[in-house]
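One structure below.
The values are calculated or read from the model by the stated rules, or taken from the named source; none is laboratory data. Predicted model, so just to flag it, every value in this text is computed and none were measured. Every residue, glycine as well, gets a Cβ built from its backbone with ideal geometry; the counts of neighbours run over all protein chains shown.
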Amino acid sequence: MTFTPFAEFAVLLLVAAGAGALFVQLRQPVLIAYIVVGIALGPAGLGWVKAHDEVALLAQIGVTVLLFIVGLKLDLHHVRHIGPVALATGLGQLAFTIAGGFVLILALGKDVMTALYVAVALTFSSTIIIVKLLTDKRELDALHGRIAVGFLIVQDLAVVLAMMAMSALRPPEAGEAASAWMVAASLVGRIVLAVLIIAALMRWVLPRVVALMARSQELLLIFALAWGVGLAALGDWAGFSMEAGAFVAGFTLASTHFREAINARLGGVRDFLLLFFFIHLGAELNLSTLGQELWPALVLAVFVLIGNPLIVMAIMGYMGYRKRTGFLAGLTVAQISEFSIVFVAMGISLGHLDVQALGLTTLVGLITITLSTYMILYSHPLYERLAPWLGVFERKRPHRELAVDRHPPRSDESAVLVFGLGRYGSRLLGELRRLGVAAAGIDHDPEAVRELKRQGLPVHYGDAENPDFVESLALRATRWVVVTLPLVSSTRALVHALRGAGYAGPIAVTARDEASLQELQRLDAQHIYLPFRDAAVHAAEHLLGVLTVSPPASGANP
């Protein structure tokens, strides 16, 4: 079947939209759908993709925008405040995956360069996917969510450094000969020169230029694209890579006041252009090549799905975290990311690899992203099943999570117990105390407990899902228990533990949406709060009262 380029793009978009809708129903990232579409419509499938040059150009620009946005998010302020746990965990996971993956890939019969590239590619996890999953589960601000975001930043920095390092290994042109020390000296000289120029631009030029461009939101978007693509081209010309140049372009704007505005406007552009990158990737893959790499891909996928979480759990356990926190954080690295595929594709463009390495990495990506998505979505039930075997990853005294007051609430302060001190629970506790109610709060996040203690609130550390902890509470003087935990499964476990500990008083729970409301209605709870609906009702009643007592403004319509 033959299409004009315009009709071909229309077909690609329609098929990608339909496949994406199917994968969303399966609770899978849409990037997997785009790769499948590329394979199905490419030479290995129906052969409908003919405009290879046009699709490849859009794919290249998409990768540029992706790396530009990554650089844009890495503000120096955030980089300086990466916690020691996130840094140690991120570096430890990188070292383990690179070393273990390199040996494993060599054992699978691959050459040294392929083993090096693919081993490095196995270390990167998808920030986009993980942040979205944690946000959907309302766990981004939880202890394990904050730690995971910290070592994802470490990975983002590592991928750019890896791209710059591998770009320096670009094979010499015909007739050229360069020793190792000449290559190293050239790389150091170019890096030093680039750092000096970039520092000068960030200090004296870019703030004024960006402020001028920001007078028009449309012009700001065009400038951001021009700056990103321009430095990407300059980075390629200077002997690094387009990807490294695009990252540096974003990083130079990360400290400006307009970073969020640029990021918001580029998000849709990135998603649209990356569609073509993954379609182009799928179209370039040969089914016979994929078949040859199936068993190596399965071996490496098992290594990533099991090895990466285990090393994260081991490091966090050694640093004094509970096995539950380490497990939930470790699941976020049980996959490879779109950066892994971009990194290996860069190796092909530099002449370091053949297309089989890209096929191997893509297969590992498809397997690990698919399975790890479900692992993260169902992390709590999965932990409940595996918890008896995870004790080896927890110290006898997990001091980082025990470094706060572990004494249960006293009877004179526990007329109301609030379990879960997120935004809603901590505000509820504060209001109860302000009204003179003897209320106390309990949360398993030590950082949240420390912060609320500094505010003078009676809060205590404890795991609401641990029946032994619930049984240790002085519940005789407790008149009400309010549960504001984000997960229905956690709320259910706590309610059962309270009843099992002999508490017969009333319990109030919170529902985030209608689906959780229906599940919570089956619990032994006397009241269900719906924070968002209750807030909307309160606001509507307040506005009605204001409109009733206030005359309409002059000139207003009746």
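Tabulated data
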| quantity | calculated |
| --- | --- |
| Residue within the stretch 518-533 that is free of Cβ contacts under 8 Å to residues at least 24 places away in the same chain, under 24 Å from residue 432 (Cα atoms) and touching a Lys or Arg at 6+ places or on another chain (Cβ under 9 Å) present | yes |
| Selection count where residues are of a type outside the set (Asp, Glu) and closer than 18 Å to residue 465 by Cβ, scope the stretch 513-535 | 4 |
| Elements of type helices (runs of 4 or more DSSP H) contained in the stretch 330-393, each with 2 or more residues being aromatic (Phe, Trp, Tyr) and buried (at least 19 other Cβ atoms within 10 Å of the Cβ) | 338-349 |
| Some residue of the stretch 486-494 being within 34 Å of the chain's Cα centre (by Cα) and at positive phi | no |
| Condition broken by residue 81, with the remaining ones in (1) surrounded by fewer than 21 Cβ atoms within 10 Å (Cβ to Cβ); (2) over 28 Å from residue 23 (Cα atoms); (3) at pLDDT 80 or above satisfied | (3) |
| Residues located in the stretch 422-441, provided they are in a loop (DSSP other than H, G, I, E, B) and touching a residue at least 60 places away in the same chain (Cβ under 8 Å) | 422 |
